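Participant: I am attaching a structure below and will ask some questions about it afterwards.
The values are calculated or read from the model by the stated rules, or taken from the named source; none is laboratory data. From a predicted model like this one, the values you see are computed outputs, not experimental measurements. Glycine gets a Cβ as well: all are built from the backbone with ideal geometry, and neighbour counts include every protein chain shown.
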Amino acid sequence: MILKVGSILISEIDKKIERKLQELNLKPEISPQKFLKIHNVKKHRYFSPCLTAEGGKVAFYGRLHNNLDAKGKFIREIIFLKKIKKANLKIKEIVPKIIDYGIEKDFEWLEREYPKGPPLGHSRNLIQKPFPGMIKKIIKTLFEISKIPPKTFPNLKKFRCQNYLPPLYEEFANKCIIKSDLSKKILKLVKEDLPLIEKENKYFCHGDLNLGNILSEGKDIWIIDWELIHFNNFAYDIGYLWTHLWEAKRSFRQKVLRSYINHLNFQDLLKFKKILPVVTSYFSLQSIKYKEEKEKAAILRKRRRFYLSLLNNCLDFNKLIKV
């Protein structure tokens with residue numbers, strides 16, 4: 001594959017990954033060349049299920065983007081998978097085990113188990129048919145993730161709590177995307193709750209927990225793609241999952257959030273009622289501003305309506321959780 005001058009891809013990365021697959025005696029379902037043809041430079045890493053010499057199936061990843069951010073994410077996941085594999089934690093039961101990995105001179109790769117079963121859906125909707133206990137398993141997993149001891153990953157970064165105070169509030173008010181009065185009230189709420197959020201900024205987070213990263217064959221679940229792990233408040237992961245389900249049925253969104261709330265003790269529920277609106281406003285602002293390439297106007301309007309609805313209800317917790 002001929003790469004353009006100034007490409008953000010690692011030079012000849014398709015050939016490098018192909019050689020590594022040959023060294024490992026793995027036959028990919030999607031070749032590096034085909035993967036790049038499909039995704040161009042949109043994906044920062046290559047992925048394909050692969051057949052082993054023994055006839056088994058594994059998952060293979062290789063870094064594509066030539067930047068420190070992509071490198072950091074890839075190495076972070078390698079470190080996580082290595083440590084969790086050896087840890088005496090319940091969460092390891094639903095994390096596909098790392099089999100092999102390499103930190104080469106100019107790219108990284110990893111090989112892990114390939115659980116049976118497709119993703120439950122994608123970030124915005126459920127695709128698989130719900131099975132008995134599915135939501136309960138997801139919520140149980142959320143709590144197990146938050147229980148990963150900080151000492152297990154002493155060098156893992158904490159979320160910068162000031163990020164919950166983006167300039168988008170004023171920008172959106174000026175553009176009449178949200179009412180100026182609402183913008184000021186939400187910003188006031190965030191500032192009032194920031195001390196609590198900073199105090200609670202101590203829980204292990206997946207960072208990208210959506211239905212596309214939850215695999216299932218209709219009975220068990222596995223969580224993949226751990227490259228965005230960090231420490232944050234305990235409402236971040238459930239907030240991420242819930243707020244991204246903008247295309248799902250309202251009843252499903254409510255069941256997910258209600259199930260999580262029902263597992264909280266009284267003290268944590270009081271904290272959750274303060275933190276979730278802040279986390280929700282943060283994701284909503286980002287999602288309103290975001291626009292997918294070639295996104296249809298009708299879809300864009302529907303998505304933005306949902307996130308505007310979240311913002312409009314951030315000041316009333318009971319109304320917010322019913323959106």
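Participant: Quick one: L68 ticks every box in (1) under 30 Å from I148 (Cβ atoms); (2) in contact with a Ser or Thr (Cβ under 9 Å, 6 or more places away or on another chain); (3) of a type in the set (A, V, I, L, M) except a single one, so which number is it?
Facilitator: (2)
Participant: Before we move on, is R124 touching a helix residue (DSSP H, G or I) at 6+ places or on another chain (Cβ under 9 Å), closer than 19 Å to D208 by Cα and of a type in the set (D, E, K, R)?
Facilitator: Answer is yes for this residue.
Participant: Okay, moving on. When the range 56-99 is examined, which residues are found to be free of Cβ contacts under 8 Å to residues at least 40 places away in the same chain, under 15 Å from Y46 (Cα atoms) and not hydrophobic (A, V, I, L, M, F, W, C)?
Facilitator: K71 - this is the single residue of the range 56-99 that is free of Cβ contacts under 8 Å to residues at least 40 places away in the same chain, under 15 Å from Y46 (Cα atoms) and not hydrophobic (A, V, I, L, M, F, W, C).
Participant: Which pairs have Cβ atoms under 9 Å, sit 6 or more apart or on different chains, and link a residue in the range 173-202 that is under 22 Å from I288 (Cα atoms) to one that is not hydrophobic (A, V, I, L, M, F, W, C) and not in a helix (DSSP H, G or I)?
Facilitator: Final answer for the pair search is A173/K179.
Participant: Filter the range 273-292 for residues that are without any contact (Cβ under 8 Å) to a residue 24 or more places away in the chain and among the hydroxyl-bearing types (S, T, Y) and give the result.
Facilitator: Of everything in the range 273-292, just one residue is without any contact (Cβ under 8 Å) to a residue 24 or more places away in the chain and among the hydroxyl-bearing types (S, T, Y), namely Y290.
Participant: Could you list, in sequence order, all residues of the range 145-178 that are out of contact with any strand residue (DSSP E or B) (no Cβ under 7 Å at 6 or more places or on another chain) and crowded, with 17+ Cβ neighbours inside 10 Å?
Facilitator: F153, C161, Y164, P166, L168, Y169, F172, A173, I178
Participant: Looking at K219, K199, K249 in this structure, which one is over 20 Å from P118 (Cβ atoms) and among the basic types (K, R)?
Facilitator: After applying the criteria, what remains is K199.
Participant: Give the range 214-233 a look and list any residue that's hydrophobic (A, V, I, L, M, F, W, C), buried (at least 18 other Cβ atoms within 10 Å of the Cβ) and assigned to a loop (DSSP other than H, G, I, E, B), or say none.
Facilitator: Once the filter is applied, which keeps residues that are hydrophobic (A, V, I, L, M, F, W, C), buried (at least 18 other Cβ atoms within 10 Å of the Cβ) and assigned to a loop (DSSP other than H, G, I, E, B), the range 214-233 yields I224, W226, I229.
Participant: Any idea how many residues of the range 78-132 are out of contact with any Pro (no Cβ under 6 Å at 6 or more places or on another chain) and either part of a loop (DSSP other than H, G, I, E, B) or among the acidic types (D, E) (or both)?
Facilitator: Here the count works out to 25.
Participant: Here is a further query. Quick test of your reading of the structure: K37 fulfils all but one of (1) crowded, with 20+ Cβ neighbours inside 10 Å; (2) in a helix (DSSP H, G or I). Name the failing condition by number.
Facilitator: With respect to (1) crowded, with 20+ Cβ neighbours inside 10 Å; (2) in a helix (DSSP H, G or I), K37 is out only on (1).
Participant: Return the pair list, or none, for Cβ contacts closer than 9 Å from residues in the range 29-48 that are under 14 Å from N66 (Cβ atoms) and assigned by TED's automatic domain parsing to the domain that holds N67 to residues that are among the acidic types (D, E) and part of a helix (DSSP H, G or I), at least 6 apart or on different chains.
Facilitator: Filtered contacts from the range 29-48: L36/D14; H44/D69; Y46/D14.
Participant: Would you pick out the residues in the range 235-272 that are closer than 16 Å to E200 by Cβ, crowded, with 21+ Cβ neighbours inside 10 Å and touching a residue at least 60 places away in the same chain (Cβ under 8 Å)?
Facilitator: Y236, D237, I238, Y260
Participant: Within the range 234-323, which helices (runs of 4 or more DSSP H) (wholly inside it) include 3 or more residues that are within 27 Å of F131 (Cα to Cα)?
Facilitator: 236-243, 250-262
Participant: Another question, if that's okay. Counting only residues that are out of contact with any strand residue (DSSP E or B) (no Cβ under 7 Å at 6 or more places or on another chain) and farther than 22 Å from G72 by Cα, which one in the range 93-120 is surrounded by the fewest Cβ atoms within 10 Å (Cβ to Cβ)?
Facilitator: E93
Participant: Exactly one condition in (1) over 14 Å from the mean Cα position of the chain (by Cα); (2) closer than 21 Å to Q286 by Cβ; (3) not polar (S, T, N, Q) is not met by F231; state its number.
Facilitator: (1)
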